[in-house]
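Notes follow the structure.
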Amino acid sequence: MDKIVVIGSSSMIAAQFTKVFSDQMSILTFGRTLKQDSFFDLEKFESFKNVLQVCDHRTTVLFFSAISSPEYAEKNVNYTMKINYEATCDLISSLLRNKTRVIFLSSDGIYGANSSICSESEAPRPFGVYAFTKFLVEQRFKGHILFKSTRLSYVLSTDDSFSKYIFDAVDDQLKIEAYGSLQRNIVCINDVLDGLKKLCENFDIVNSQY
């Protein structure tokens, strides 16, 4: 393994991955802010070359970049399809042609229309635009030896959006809204980070694509 390229590196998990493992792995970060090593925006096709010129058969890409708000996706369907499916597939296709390994950050939302608690063995039944775009990307590259997808559930961290919501509500003495119909598995961020690191290191010997 030569280097890790993190696309969408300002997301919570991506930022933590870079922070924790930057001393152990050669990591390059790509995103829309000055904190990254190089600029990248899924909406700007010309920025794709910044990623592609550093990726080859010795590179593993962690693909975090996406419109990640399900609420925003529902209100902006065409734009979400353009970014989360069309632009994402364009870049991933180019990476795979470069013989670059791709780890795509998907979501357990692809099981969302199932009526019971699911495991990885359940057939995906995506609910909502956001989950549907993740499912479509997985289907586009189904069976490709250099493409793997991690279907993340609720990643628990002091910096995750739900925990921040709870902390802020407590600080401001606000009533917390709870939705009883939503059930998700919870995994601590340290386990997610370790899992991603091991997947990068053992990509070729992990049999499952998901």
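The values are calculated or read from the model by the stated rules, or taken from the named source; none is laboratory data. Only a predicted model underlies this, so the values are computations on that prediction, with no experimental measurement involved. Cβ coordinates were reconstructed from backbone atoms using ideal geometry, including for glycine residues, and neighbour counts include every protein chain displayed. Note: accessible area is taken over every heavy atom of the protein model, side chains too, but ligands, DNA and RNA are not part of it. Shrake-Rupley method; radii C 1.70, N 1.55, O 1.52, S 1.80 Å.
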Averaged per residue, the 1.4 Å probe accessible area of the chain, protein heavy atoms only, in Å², is roughly 57 Å²
Sequence-distant residues sharing a close amide H with Asn98 (under 5 Å, placed H): none
Tell me what the chain gives for mean residue ellipticity at 222 nm when only DSSP H runs of n ≥ 4 count, each as -39,500 (n - 2.57), the sum divided by the residue total, rounded to 500 deg cm²/dmol. -9500 deg cm²/dmol
Relative intensity, log₁₀ I(q)/I(0), of region 1-54 from a Debye sum that treats every alpha carbon as a point, q = 0.22, 0.23, 0.26 Å⁻¹: -0.79, -0.85, -1.04
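Among the listed pairs Lys19/Lys198; Lys19/Lys197; Lys99/Lys148; Lys75/Lys148; Lys3/Lys44; Lys134/Lys198, give every one whose C-alpha distance is greater than 20 Å. Kindly include the intermediate steps, with their values, before the conclusion.
Details: Lys19/Lys198 16 Å; Lys19/Lys197 13 Å; Lys99/Lys148 14 Å; Lys75/Lys148 29 Å; Lys3/Lys44 24 Å; Lys134/Lys198 23 Å.
The pairs that break the limit, which is 20 Å between Cα atoms, are Lys75/Lys148; Lys3/Lys44; Lys134/Lys198.
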Taking GluC sites (Glu not before Pro) as exposed when DSSP calls them loop (any state but H, G, I, E, B) and at most 14 other Cβ atoms lie within 10 Å, what is the longest stretch of the chain free of them, the sites themselves excluded? 44-119
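Over region 10-50, what percent of the accessible surface lies on carbon and sulfur atoms, probe 1.4 Å?
Numbers: 1310 of 2540 Å².
That share works out to 52 percent.
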Paramagnetic reach from Lys198 in region 86-124 [backbone N under 17 Å; point 7 Å along Cα→Cβ]: 120
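Defining a contact as two alpha carbons under 8 Å apart and six or more residues distant in sequence, what relative contact order in percent does region 67-210 show?
Details: 146 pairs, mean separation 35.4, N = 144.
With pairs under 8 Å counted, the relative contact order is 25 percent.
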Tell me, what is the FRET efficiency for Ile166 and Ser26 to the nearest 0.05, using R0 = 25 angstrom and their Cβ-Cβ distance as r? 0.10
Counting only DSSP loop positions in region 1-88, the trypsin sites (Lys or Arg not before Pro) whose Cβ has at most 16 other Cβ atoms within 10 Å are Lys35, Lys44, Arg58
Given a Förster radius of 35 Å and the C-beta distance between Leu174 and Tyr72 as r, what FRET efficiency does 1/(1 + (r/R0)^6) yield to the nearest 0.05? 0.95
Hey, rough spin-label estimate for Asn207 and Cys89, points 7 angstrom out along Cα→Cβ, what's it come to in nanometres? 3.0 nm
